[in-house]
Amino acid sequence: MEKTLTRIHPVSDPEATYFLQVSWEKDLGTGFGLVLSDCQCAWTGTVSEADISREAADIEMDREKYVEELRKALIAGEESAGKYNFVIS
């Protein structure tokens, strides 16, 4: 299993710091797990392969392109810094 940990500052609260851990088996396209923490609380979730396919279809994006955008937004780190915004709600 692979994992990444990224520090994020959401645009919804730029003074706050959150940590986002993403874990996956083969690649993001087969599904992944998420842990979001503000160092006081933590929230977990999973995204299935079916969820990914459904979301790509909903926004009318090629599935492979959608998975690549997920990779850039969630695990690419420095190479994508400043290109993606996070909103915590």
| said: Restricting to DSSP loop positions (anything but H, G, I, E, B) with no more than 11 other Cβ atoms inside 10 Å of their own Cβ, which GluC sites (Glu not before Pro) remain in the stretch 1-75? | reply: Glu15, Glu25, Glu60
| request: Using only the alpha carbons, work out the radius of gyration and Dmax of the stretch 2-80 in angstrom. | output: 13.2, 38
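Between Glu25 and Tyr84, what is 0.36 nm times their sequence separation minus the Cα-Cα distance? Round to one decimal in nm.
Contour length minus Cα-Cα distance gives 18.9 nm.
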| request: Multiply the residue gap between Val35 and Arg7 by 0.36 nm, knock off their C-alpha separation, and tell me the result in nm, one decimal place. | output: 8.9 nm
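Under unit Cβ charges (Lys, Arg +1; Asp, Glu -1), what dipole magnitude, rounded to 20 debye, does the chain have relative to its Cα centre?
Dipole size: approximately 180 debye.
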| Rounded to 10°, Cα long-axis angle of helix 63-74 versus longest principal axis of the chain | 10 degrees
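Bear in mind that the values in this text are calculations on the coordinates, not laboratory data. Given the structure is predicted, the values throughout are model-derived calculations rather than measurements. Don't worry about glycine lacking a Cβ; one is built from the backbone with ideal geometry, like all the others, and counts go over all protein chains shown.
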